[in-house]
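All remarks here apply to the structure that follows.
Please treat every number below as a calculation from the coordinates, not as lab data. Just so we're clear, the structure is a prediction, and the values are computed from it rather than from any experiment. Cβ sites come from the backbone with ideal geometry, for glycine too, and all protein chains shown count toward neighbours.
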Amino acid sequence: MQRRQLLPLAAGAAAAVALPRFAWAQGAYKAEYKMSTVVPPAFAWGKGGEIFANLVRERTSGRINIKQYPGASLVQGQQDREFSAMRQGVIDVLCGAPINWSGTVRELSAFTLPFLLPDHKAYDAVIGNTALMNEYFDMVRKAGAEPLAVGETGYRQISNSKRPILKPDDLKGIKVRVVGSPMYGEIMSSMGANPTFMSWADAQPALASGAVDAQENPLEVFLAAKINTLGQKYVTKWNYSNDILLYAIAAPVWSSWTPADQKIVREAAQDAARQQITLVRKLFAEDVQAVSALGVNVHQPTPAEMQEWQVATRRTYARWKAQIQPTFIGKVEEVVAKTRKA
Ligand code: X2X
């Protein structure tokens, strides 16, 4: 800006004509970059978005102003449309769970297969594996966004209003709300439950009215959204799926920023992801106690019960592994297997 002001008008115009297109594009910063998150900063994963936006604003002295739109409000709450809206230019910044985008970019939901990442040791080995994550990041690039960092949305636990869920049979006939992922639907039906696909915005009224009996979400979400007040009395902490929290920038937006700003934004996302993971794990460590204190019955499965859940989901696992990205998932399995021996 300052340099251009110093140039005489004609010289400025001539320079503009001579500039390569990419350089022109780099000058065109928007006043606001729109970031979609499903949940607001009162939740660890919405907080992860807020931390990122604040770091970017501070470190670019406001040159890059990311504004958070929680409740997936840029897509009227339809969180499964986030990725296609990003491709259409409606969303500039994603800070979300790829499971929500599985209808658009199925391969990105690789980490959500049931019991693929059984614990944080496995989770860390996978997201800390540079070769594996580079391969994943290349899939994100092919899909139209620049990936920056990976946080954690949290292990998803089932809750319901009817009875304690100790074994697959206990799920028979239970109406469970799942996000718009066909794989989650199949997992539930393979265990005997009756799944209904619904956005997060629709889920809460449906639980309150009893239109559905059950839902599955990390317990930090259960707590922040006060799901216990919606008649949910029983929780089973089965750790069946834990999606990453992907920080990514729409490709055209990314290429409009200078290399120096790209570096700042990437580092800000990495720092935000680290803080977000710390936060989500602190809540995870305390969640059984916190949920129990609300008068909710929390069941922590025995190893034998965990085995039963895995057996029940084995066929669904195999089918979705084949459909999502079998080679990549095979590599994830190898990394996880090593953590079992160690
Ligand atoms: O809708 C949900 O259940 C939530 C908030 O966990 C997701 O965005 C996947």
Label-point separation, Phe328 to Asn54 (7 Å along Cα→Cβ), nm: 3.2 nm
Span from the the stretch 53-116 Cα centroid across to the the stretch 226-284 one, whole angstrom: 10 Å
Amide H partners (placed H, <5 Å) of Tyr69, local residues excluded: Met35, Ser36, Thr37
Footprinting exposure proxy for Ser84, Ser109 (fewest neighbouring C-beta atoms within 10 Å first): Ser84, Ser109
Crossing angle, helix 200-209 versus the chain [Cα axis fit, 0-90 degrees, rounded to tens]: 30 degrees
Length added when fully stretched, Lys341-Glu308, from 0.36 nm per residue minus Cα-Cα: 9.7 nm
Cross-link pairs beyond the 27 Å C-alpha cut-off, checked among Lys47/Lys121; Lys175/Lys282; Lys47/Lys226: Lys175/Lys282
With Cα atoms, 0 to 90° folded angle of helix 44-59 axis to the chain main axis: 10 degrees
Two-site label geometry, Ala251 and Asp138: point separation in nm, points 7 Å out along Cα→Cβ: 1.5 nm
Using a Förster distance of 51 Å, the FRET efficiency for Arg315-Glu32 (Cβ separation, nearest 0.05): 0.65
Ellipticity estimate at 222 nm from DSSP helix runs (n ≥ 4, -39,500 (n - 2.57)) divided over the chain, nearest 500: -15000 deg cm²/dmol
Under 14 Å, Cβ to Cβ, from Val311 - net charge with Lys/Arg +1 and Asp/Glu -1: 0
Global geometry of the stretch 97-146, whether rounded, prolate or oblate, following the gyration tensor of its Cα atoms and the 1.5 cut on a/c: oblate
Cut-off 11 Å between beta-carbons: net charge of the residues surrounding Glu333, Lys and Arg +1, Asp and Glu -1: +3
Ordering of 206-214, 128-136 by packing [mean C-beta count within 10 Å, highest first]: 206-214, 128-136
Spherically averaged projected area of the chain from its Cα convex hull (nm²): 18.0 nm²
Amide H contacts under 5 Å for Val178, placed H, 5+ residues apart: Thr196, Phe197, Met198
Cα-based helix-to-principal-axis angle, 259-292 vs the chain, degrees rounded to 10: 20 degrees
Neighbourhood net charge (11 Å Cβ-Cβ; Lys/Arg +1, Asp/Glu -1) for Glu186: +2
